[in-house]
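What follows is a short report on a single structure.
The values are calculated or read from the model by the stated rules, or taken from the named source; none is laboratory data. For clarity, every value in this text was computed on a predicted model and none was experimentally measured. In this analysis, Cβ positions are derived from the backbone assuming ideal geometry, glycine residues included, and neighbour counts consider all displayed protein chains.
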Amino acid sequence: MKNIKTQTIILTVLLSYGLTVFFGACQTVHYVPVEKTTETKTEIIEVIRDTTIYIPPDQAMVKAWLECDSAGQILIKQIETLQGKLNAKANIRIVDNTIIADCICDSLNIFMQLKDRYQTTTVNTTETKVLWMEKELKWWQKMLLWTGGISLIAIIIGSIATLKKRIF
């Protein structure tokens with residue numbers, strides 16, 4: 001009988017200690033998740049600049065083989081024309097026994113505006129890390145913790161006093 005009472009007391013002390021540890025270990029934890037923010041900014045800059053395009057002069061050539069007949073008239077035997085590479089064209093006319101060959105092509109300067117585009121892209125990445133924060137306990141939770149602590153101390157003192165009476 002004495003052995004059963006001692007076992008009951010020890011079991012009560014261990015159970016009360018276990019319950020106190022179990023309820024005292026519960027904490028309220030506030031979890032802040034990871035936040036990742038990415039901001040992309042694209043900036044396009046247009047620069048207008050003046051430029052000159054130069055086209056070199058060109059030429060054309062005309063070769064004509066002429067013969068004179070017995071009456072003194074000039075006869076054209078063969079005409080060979082070479083046109084220019086770019087924009088020169090030969091113009092041939094015969095007026096009153098006179099050959100007129102025109103080829104007019106000067107160098108050209110073309111003035112124009114060019115737009116240069118420059119594009120810059122900026123990427124800003126902001127990352128918030130995980131934080132574990134304890135919330136503040138409410139008044140009734142604090143009261144339960146204090147009550148549990150005081151009860152644990154009272155149970156331990158009561159168990160020791162009971163064991164001393166039985167043993168001595």
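Could you look through the stretch 89-129, keep only residues that are part of a loop (DSSP other than H, G, I, E, B) and acidic (D, E), and pick out the one that is surrounded by the fewest Cβ atoms within 10 Å (Cβ to Cβ)?
D96
Look at the stretch 45-72 and say how many of its residues are at pLDDT below 75 and among the polar types (S, T, N, Q).
The qualifying residues number 1.
For the stretch 17-44, which residues satisfy the criterion of being modelled with pLDDT of 80 or more and among the polar types (S, T, N, Q)?
Once the filter is applied, which keeps residues that are modelled with pLDDT of 80 or more and among the polar types (S, T, N, Q), the stretch 17-44 yields T37, T38, T40, T42.
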